[in-house]
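To start, the structure itself, in structure tokens.
The values are calculated or read from the model by the stated rules, or taken from the named source; none is laboratory data. Not measured: the values here are computed from a predicted model. Positions of Cβ are generated from backbone atoms using ideal geometry, with glycine treated the same way; all protein chains shown enter the neighbour counts.
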Amino acid sequence: MSSDDVTAGPAGSAAASFGGADALSAVSQDYLKVIWAATEWEDRPVTTKLLAGRLGVGASTVSETVRRLADSGLVTHEPYGAVGLTEHGRLLALAMVRRHRLMETFLVQVLGYGWDEVHDEAEVLEHAVSDVFVERLAAHLGHPTRDPHGDPIPGSDGTFAPPPATSLWQASAGHWQVARISDADPELLRHVEAVGLVLDAPVEVVARREAIGLVSLLVGPERASTELGEVAARSIWLVAAD
């Protein structure tokens, strides 16, 4: 991915409303979405180094594109500081997140893709559709509120309501329910599905052994015993059992 011209109206224009992502270049769409997603489940500063790693580009390219996004009123960035989104940028980022997660839902529910196959496909398709198409797709799917991995789908008005979820690695011993599994690693998705860790599955956290980086679980109605390493456990999010 290379630096690209940022195409967006000023914060007071029609593009400032939810949607309006059509007015952005694909590069700008990606940057806004990645900046927003970086802090969706973790509280951390979004640095140019983090963006370079996630977007697979050089630091100089990130700096130049961030500068252009800042000039367009979409992001905030102080030299050597964190990158943030303006309200205008946040709305456009959420519009792109909505596109991506609806595309993933469509691929699984309608075209029969596995949940481990859809992320890269959705990355391509989200840039090829219009805001009108996205809303018609949402209606066709019955206005889903979460994607196949449990990630909340922003509403058509820009509302966003994540569940009160806790990382499995940080969860206390007791009864929980799977709310979300990161789609960053297809191999992880295949593994956790094989041991029954799918959306809404009941889970009992038995013990976390930090010294060796393992958490012991009982999974599903059958209470099957399994163990996960810390990396996998930090990729799964739980809510309190009903």
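Please enumerate the residues belonging to segment 54-86 that are surrounded by fewer than 17 Cβ atoms within 10 Å (Cβ to Cβ) and basic (Lys, Arg).
Of everything in segment 54-86, just one residue is surrounded by fewer than 17 Cβ atoms within 10 Å (Cβ to Cβ) and basic (Lys, Arg), namely Arg67.
Here is a check on your reading of the model: is Glu64 modelled with pLDDT of 90 or more, assigned by TED's automatic domain parsing to the domain that holds Asp131 and over 15 Å from Ala93 (Cα atoms)?
The answer is yes for Glu64.
Which condition breaks for Asp200 when tested against (1) surrounded by fewer than 16 Cβ atoms within 10 Å (Cβ to Cβ); (2) of a type in the set (D, E, K, R); (3) touching a residue at least 40 places away in the same chain (Cβ under 8 Å)?
Asp200 satisfies every listed condition except (3).
Select from segment 104-136 the residues that are of a type in the set (Val, Ile, Thr) and loosely packed, with under 14 Cβ neighbours inside 10 Å and list them in ascending order.
Val110, Val124, Val132 - these are the residues of segment 104-136 that are of a type in the set (Val, Ile, Thr) and loosely packed, with under 14 Cβ neighbours inside 10 Å.
Residues of segment 167-181 being outside any helix (DSSP H, G or I) and surrounded by 17 or more Cβ atoms within 10 Å (Cβ to Cβ), which ones?
Residues satisfying the conditions are Ala171, Trp176, Val178, Ala179, Arg180, Ile181.
Yes or no, residue by residue, for (1) under 26 Å from His119 (Cα atoms); (2) touching a Ser or Thr at 6+ places or on another chain (Cβ under 7 Å); (3) not aromatic (Phe, Trp, Tyr):
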residue: Gln177; (1), (2), (3): yes, no, yes
residue: Asp183; (1), (2), (3): yes, no, yes
residue: Val195; (1), (2), (3): yes, yes, yes
residue: Trp237; (1), (2), (3): yes, yes, no
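So is Arg101 modelled with pLDDT of 95 or more, surrounded by 23 or more Cβ atoms within 10 Å (Cβ to Cβ) and not assigned by TED's automatic domain parsing to the domain that holds Glu193 or not?
Yes.
Is it fair to say Glu193 is assigned to a helix (DSSP H, G or I), within 18 Å of the chain's Cα centre (by Cα) and not aromatic (Phe, Trp, Tyr)?
no
In segment 95-116, how many are closer than 19 Å to Ala184 by Cα and in contact with a helix residue (DSSP H, G or I) (Cβ under 7 Å, 6 or more places away or on another chain)? Even if it seems obvious, please write down each step before you answer.
Restricting attention to segment 95-116, the residues satisfying the condition of being closer than 19 Å to Ala184 by Cα are 96-108, 113-116.
Subsequent filtering for residues that are in contact with a helix residue (DSSP H, G or I) (Cβ under 7 Å, 6 or more places away or on another chain) retains 96-100, 102-104, 106-108, 113, 115-116.
Residues meeting the conditions: 14.
Scan segment 26-46 residue by residue and report those that are buried (at least 17 other Cβ atoms within 10 Å of the Cβ) and outside any helix (DSSP H, G or I).
Listed by number, the residues that qualify are Ala38, Val46.
Among Leu228, Leu189, Leu199, which is outside the structural domain of Asp116 (by TED's automatic domain parsing) and over 26 Å from Trp36 (Cβ atoms)?
Leu228
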